[in-house]
Amino acid sequence: MIDREELETKAMEEVCACRHYDLADTLQETPDEDLLSLINHTNKCEICGN
């Protein structure tokens, strides 16, 4: 299992530009599962489709 700090770092690297600042603002409150879905590109962005 990846530790929380590494999850946050990887998620910030993988998130699309549309959601970068949103994620930065809510990173501490974002559940691990949501961060993993960003890292794995499980859910597409509703703005750009990436």
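Here are the numbers for this structure:
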quantity	calculated
Trypsin sites (Lys or Arg not before Pro) restricted to the chain and DSSP loop, no more than 11 other C-beta within 10 Å	44
Using θ = phi - 60° and Karplus 6.51 cos²θ - 1.76 cosθ + 1.60, couplings along segment 17-25 (whole Hz; Gly, Pro as x)	4, 4, 10, 4, 6, 4, 5, 4, 6
Per residue, in Å², the accessible surface of the chain once ligands and nucleic acids are set aside, probe 1.4 Å	74 Å²
Assigned charges on the beta-carbon of Lys, Arg, Asp, Glu; the chain dipole about Cα centre (debye)	260 debye
Residue-wise HN-Hα coupling along segment 36-47, computed from phi with Karplus coefficients 6.51, -1.76, 1.60 (Hz; x: Gly, Pro)	4, 5, 5, 4, 8, 6, 6, 10, 7, 5, 6, 8
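The values are calculated or read from the model by the stated rules, or taken from the named source; none is laboratory data. In this text the structure is predicted, and so the values were computed from the model without any measurement. Using ideal geometry, Cβ is built from the backbone for each residue, glycine included, and neighbour counts are taken over all protein chains shown. Heads up: the accessible areas ignore ligands, DNA and RNA and are worked out on the full protein's heavy atoms, side chains in. Shrake-Rupley method; radii C 1.70, N 1.55, O 1.52, S 1.80 Å.
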